[in-house]
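See below for the structure under consideration.
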Amino acid sequence: DVKVTQSSRYLVKRTGEKVFLECVQDMDHENMFWYRQDPGLGLRLIYFSYDVKMKEKGDIPEGYSVSREKKERFSLILESASTNQTSMYLCASSDLALSEAFFGQGTRLTVV
Amino acid sequence: GNSVTQMEGPVTLSEEAFLTINCTYTATGYPSLFWYVQYPGEGLQLLLKATKADDKGSNKGFEATYRKETTSFHLEKGSVQVSDSAVYFCALSDRTGNQFYFGTGTSLTVIP
């Protein structure tokens, strides 16, 4: 069974902390994506990567960075967490043809 | 540019009612079109897709037809069940931009 696995289902962090969200896929996909999901706003793309060490900004990259040192792993970093980054974060992967996006189960992050 | 507009919810239906969720898109090229479903507390999973004009995607009693002339991909089901209660997302993929574009989601509740 193909899988995208996010390291945590729930996280609670304090304002100003550095936060790491990890995502691993086992499908040898070139593309990986990070979205945040908020009520009424749908999915908004934060960053994506089409190859190791390559990254592209999405629609809302401010306050975030990413790392892709290995093909199977894509990390989202909140350099200094703020309360307005409280959200559901979804990781996804796909092949180069974008034939389908496979999603992880999501990480619900609360910043207090 | 690329975008997806879908019917706003929430939608509440009685069991065995007919379901339509409208979706229209704007695309610069020849996108593939998708419907994803998100059950409570989970990530998104593919429900159905269509890759070219006039294709019909179908799965679990749901159907959608890729209509290039009306730039639409409406989701339909003839008889909904309580277990269909979820959030439904329309999406397109664009290989030029190397990413997926999602609508804001439509919440469906089916009552017995």
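The values are calculated or read from the model by the stated rules, or taken from the named source; none is laboratory data. As the structure is a prediction and not an experimental result, all values here were calculated from the model. Every residue, glycine as well, gets a Cβ built from its backbone with ideal geometry; the counts of neighbours run over all protein chains shown. Calculation scope for accessible area: heavy atoms of the full protein, side chains included, ligands and nucleic acids excluded. Shrake-Rupley method; radii C 1.70, N 1.55, O 1.52, S 1.80 Å.
When residue A:106 is tested against (1) within 11 Å of another protein chain (Cβ to nearest Cβ); (2) closer than 17 Å to residue A:31 by Cα, exactly one condition is not met: (2).
State all residues of the range B:71-112 that are of a type in the set (Gly, Ala, Ser) and open to solvent by 20 Å² or more (accessible area, probe 1.4 Å); if no residue qualifies, say none. Working first, answer last.
So in the range B:71-112, the residues of a type in the set (Gly, Ala, Ser) come out as B:72, B:78-79, B:83, B:85-86, B:91, B:93, B:97, B:103, B:105, B:107.
Answer for the range B:71-112, where residues must be of a type in the set (Gly, Ala, Ser) and open to solvent by 20 Å² or more (accessible area, probe 1.4 Å): B:78, B:79, B:83, B:85, B:97, B:107.
Consider the range A:1-51 and keep the residues that are among the aliphatic types (A, V, I, L, M) and within 12 Å of chain B (Cβ to nearest Cβ). The one that is farthest from residue A:94 (Cα to Cα) is A:41.
Conditions tested, residue by residue: (1) outside any strand (DSSP E or B); (2) away from every other protein chain (no Cβ under 14 Å); (3) at negative phi; (4) not β-branched (Val, Ile, Thr).
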site	(1), (2), (3), (4)
A:53	yes, yes, no, yes
A:62	yes, yes, yes, yes
A:67	no, yes, yes, yes
A:76	no, yes, yes, yes
A:81	yes, yes, yes, yes
A:88	no, no, yes, yes
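Of the listed requirements (1) open to solvent by 30 Å² or more (accessible area, probe 1.4 Å); (2) away from chain A (no Cβ under 14 Å); (3) not basic (Lys, Arg), residue B:40 misses just one: (2).
Which one is surrounded by the most Cβ atoms within 10 Å (Cβ to Cβ), of the residues in the range A:27-51 that are not in a strand (DSSP E or B) and not aliphatic (A, V, I, L, M)? I'd like the intermediate steps shown before the answer.
Initial filter on the range A:27-51 (not in a strand (DSSP E or B)): A:27-30, A:39-41, A:50-51.
Of the ones still in play, those that are also not aliphatic (A, V, I, L, M) are A:28-30, A:39-40, A:50-51.
Working: A:28: 9, A:29: 21, A:30: 17, A:39: 10, A:40: 7, A:50: 17, A:51: 12.
It comes out as A:29.
Quick grid of which residues meet (1) more than 11 Å from the chain's Cα centre (by Cα); (2) in contact (Cβ under 8 Å) with a residue 60 or more places away in the chain:
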{"residue": "A:67", "(1), (2)": "no, no"}
{"residue": "A:75", "(1), (2)": "no, no"}
{"residue": "A:83", "(1), (2)": "yes, yes"}
{"residue": "A:86", "(1), (2)": "yes, no"}
{"residue": "A:96", "(1), (2)": "yes, yes"}
